[in-house]
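In what follows, a single structure is set out as structure tokens and then discussed.
The values are calculated or read from the model by the stated rules, or taken from the named source; none is laboratory data. Being a predicted model, the structure only gives us computed values, none of them experimental. Heads up, the Cβs are rebuilt from the backbone with ideal geometry, glycines too, and the neighbour counts pull from every protein chain shown.
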Amino acid sequence: MRLVGKIAIVTGGGSGIGGAIAVGLAAEGATVAIAEISPAAGEETVAAIRSAGGNAWCSVFDATNQAAVNAFVEDVHHRSGQIDILVNTVGGIVKRGTILECDEQSWDETFNRNVKSTFYACRAVLPHMLARKYGSIVTMGSAAGLASRRRLSAYTAAKGAIISLTRQMAVDFGLEGVRVNCIASGPVLTKRSREKYDKDPALHKRRANEQLLGRTGEPKDVAGMVVFLASDESSWITGHVFPVDGGSTAGQGADR
Ligand SMILES: NC(=O)c1ccc[n+]([C@@H]2O[C@H](COP(=O)([O-])OP(=O)(O)OC[C@H]3O[C@@H](n4cnc5c(N)ncnc54)[C@H](O)[C@@H]3O)[C@@H](O)[C@H]2O)c1
């Protein structure tokens, strides 16, 4: 087990990619504090971790609220005495469209959900990591933040900002023992995306065909890379963006 004795925070850790990351970190021995807006999702993941013999708890709040994020991080530190790992997964697409179709409200909401939630959590956790000169932060970009897709302007811009912020934090805090890396995920089958693909199987087939490996991802495909980046196995790796995307940003999938 690679994370015994570590304390990890996962925002959005109740379901989807964040849920698999919380389960993956706990399976390696970390105690996981989940930040969730959905009590049901949070409790489901906590129950899954505990029934597998792991340690986790969930706090319910909105990760785009800075005061709530600060209070949560202080509570985690008060309970545990340390914070070793932060994984920010809160984010997602608010509205599709070109920049001409993107109104100010959806632009702001996209940036709040993706970038500000990352900014708030990192800002709250960093002082605790710097005090111990130890920590690993993993942010959630997207393959779409590396290779833009049609009509996704606010989202790709927000994920681009997360990638830049990741590199900036790695530059600023590397000498103080804190590593910061980013995951650029391709399309992953979560409960939400499954519902979308169930309504439009042709879209799912197109997405799968875009991947060099011919399939969309599973949340655990992303969790494996996050566990590696959270652990000391990656202790000489910082400031990088890791595509976990079935190869889609490496080249075009074959026609099938
Ligand atoms: N699913 C994909 O195909 C995919 C692809 C690339 C990148 N990503 C990125 O991965 C991250 C996770 O995506 P997902 O598809 O697993 O999401 P999801 O919607 O399946 O799960 C997100 C979880 O976060 C919680 N959450 C949402 N808003 C919150 C808030 N304000 N505060 C606290 N908790 C909140 C939800 O309740 C849910 O449990 C996002 O940043 C997304 O942009 C996803």
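What the table below lists for this structure:
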{"item": "Segments classed as helices (runs of 4 or more DSSP H), wholly inside the range 1-119, with at least 1 members that are under 24 Å from residue 187 (Cα atoms) and hydroxyl-bearing (Ser, Thr, Tyr)", "result": "39-51, 104-111"}
{"item": "Residue within the range 108-122 that is more than 15 Å from the ligand (Cβ to nearest atom) and under 20 Å from the mean Cα position of the chain (by Cα) present", "result": "no"}
{"item": "Subset of the range 132-156 that is assigned to a helix (DSSP H, G or I) and away from the ligand (no atom under 11 Å from the Cβ) - its residue that is surrounded by the fewest Cβ atoms within 10 Å (Cβ to Cβ)", "result": "132"}
{"item": "Residues (part of a helix (DSSP H, G or I) and either on the phi > 0 side of the Ramachandran plot or away from the ligand (no atom under 15 Å from the Cβ) (or both)) located in the range 198-223", "result": "199, 201, 202, 205, 209"}
{"item": "Per-region count, the range 157-179, residues under 18 Å from residue 132 (Cβ atoms) and assigned to a helix (DSSP H, G or I)", "result": "7"}
{"item": "Conditions (1) within 12 Å of the ligand (Cβ to nearest atom); (2) assigned to a helix (DSSP H, G or I); (3) within 17 Å of the chain's Cα centre (by Cα); number of the one not met by residue 195", "result": "(3)"}
{"item": "Some residue of the range 174-183 being exposed (fewer than 13 other Cβ atoms within 10 Å of the Cβ) and modelled with pLDDT of 95 or more", "result": "yes"}
{"item": "Matching residues, the range 1-60, being touching a residue at least 40 places away in the same chain (Cβ under 8 Å), within 22 Å of residue 78 (Cβ to Cβ), more than 11 Å from the ligand (Cβ to nearest atom) and not small (Gly, Ala, Ser)", "result": "3, 6, 7, 9, 25, 31"}
{"item": "Any chance residue 72 is touching a Phe, Trp or Tyr at 6+ places or on another chain (Cβ under 7 Å) and closer than 25 Å to residue 193 by Cα", "result": "no"}
